[in-house]
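Below is one structure, written out as structure tokens, with a few remarks after it.
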Amino acid sequence: FLFVPAVEVKIEVVIPEKERSKEEMSPNGKASPLIYKVNGTARHYHLEEHPIASSPYHNPKDMVEASVCHVKDLENGQMREVDLGCGKALLIKESGEFHAVGHKCPHYGAPLVKGVLSKGRVRCPWHGACFNIGTGDIEDFPGLDSLPRFQVKIEKEKVYIRASKQALQTQRRTKMMAKCISLSNYNLSSTNVLIIGAGAAGLVCAETLRQEGFSDRIVMCTMDRHLPYDRPKLSKSMDSQPEQIALRPKEFFCTYDIEVLTEMQVAAVDIKSKIAVFKDGFKMEYNKLLIATGNTPKALSCKGKEMENVFNIRTPEDANRVVKLATSKNVVIVGASFLGMEVAAYLAERAHSVSLVELEEVPFKKSFGERVGRAVMKMFESNRVKFYMQTEVSELREQEGKLKEVVLKSGKVLRADVCVVGVG
């Protein structure tokens, strides 16, 4: 962290409007979620202060208390969902102590009572997010928010839980965060922390810095045109709009002073001079750098791989376009991974035909075993998905510049108007 002497700074935080002057734009002309004007009058902080949001659950009228069970109803290592009348909580007994937290995983809403309890932590049964049962804090991804924690007391061998009605409804808690207050020498082309990539890893880094009291400038940059979004949802709900799958709303970035530069690709980094050079020539100095760009999806290596209507699903625009082009058409999906299978499931009722090509004998064989893989395969086949296993694509054929057929190494020729590639 950067430690600075206590000096007085006046800063004004201006939320961007649709129309901005040139100097209020990010380097590529796109409106940044936050623009700062030094020596303004809207806010007045000392640098030694850490303005952190207060708890949203302080209203006594918002509280509810209920008896949920007898102390002997739970053995050590057991969990139970309990109803407080206006919402549920997860009651846990471990090492002779009771704890109460939110009962749903903030990630996708999985019931934590079906998860795994071990050594003061509960893991989500769906994707493995880990939460501390004493604090409710999230300790392992996926997910950004923590669980609300509720007060537990024992009276006459009965277990009581006192909780916020609001927390019982939301079932999530965003950790308190600092804001950027060291902007006396604000410079558009200089930042303390630069994060290349605006996916989940980059966002978690930015949030963690704010949660730990870091109050200097944080800039995230991304090739994408959107604020950070939940990319795995692209194959689950392919017609989703960016704002529907956003990891955080735009207001979050404004509130916690996390700047995001969209459509800004870093072309080079000079680690000695600590300068990032963007594709358009803009340069930004940094003190600390995190590269969290993720991986580039693999493309096919066969003839015709670059023709129109062949997709790697990487952005909301990709997913939306696949749905539009695939409706009532012939779709070929290469790869029976999670992405390929989810795309097949989504398009099965929309497309005229869905064919899935895979090198393995059954889907998910390496992940779940042959028995589970065959059961999943049978379920998909009952929903009009055709499988071509233990083969791969040898050629993509076109007609008037558009995809027409997918040729397999087995010799089989598949009609195809759209091809989705999910091979890693």
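Bear in mind that the values in this text are calculations on the coordinates, not laboratory data. Worth saying up front: this structure is predicted, and the values here are computed from it rather than measured. Using ideal geometry, Cβ is built from the backbone for each residue, glycine included, and neighbour counts are taken over all protein chains shown.
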Please list, in order along region 124-136, the HN-Hα scalar couplings obtained from phi with the Karplus expression 6.51 cos²θ - 1.76 cosθ + 1.60 (θ = phi - 60°), rounded to whole Hz, x for Gly and Pro.
5, x, 8, 10, x, 4, 10, 10, 7, 6, x, 10, x
Most exposed first by the Cβ proxy, i.e. fewest other Cβ within 10 Å, how do 279, 175 rank?
279, 175
Cβ-derived FRET efficiency at R0 35 Å, residue 212 paired with residue 299, nearest 0.05:
0.30
Which value, in debye to the nearest 20, gives the size of the charge dipole of region 310-421 about its Cα centre, when Lys and Arg are +1 and Asp and Glu are -1 at the Cβ?
220 debye
7 Å from Cα along Cα→Cβ at both residue 114 and residue 368: what's the point-to-point distance in nm?
1.3 nm
Ranked from fewest to most other Cβ atoms within 10 Å of their own Cβ, 306, 243 fall in the order 306, 243
Net charge within 9 Å of residue 389 by Cβ-Cβ distance, Lys/Arg positive one each and Asp/Glu negative one each, not counting residue 389 itself?
-3
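Sort 105, 86, 130 so the one with the fewest other Cβ atoms within 10 Å of its own Cβ comes first.
86, 130, 105
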Using amide H atoms built 1.01 Å from N in the peptide plane, name the residues 5+ places from residue 191, or on other chains, whose amide H lies under 5 Å from its own.
285, 286, 287
Euclidean distance between Cα centres, region 364-405 to region 208-283, Å
35 Å
What is the count of Lys pairs in region 60-170 whose alpha carbons sit under 12 Å apart, if the two are 8 or more places apart or on different chains?
8
Residues whose built amide H sits under 5 Å from the amide H of residue 314, excluding neighbours closer than 5 in sequence, are 319
Could you check the simple spin-label distance between residue 378 and residue 187, using points 7 Å along Cα→Cβ, in nm with one decimal?
6.7 nm
At most 15 other Cβ atoms within 10 Å and a DSSP loop assignment: could you name the GluC sites (Glu not before Pro) in region 123-211 that fit?
157
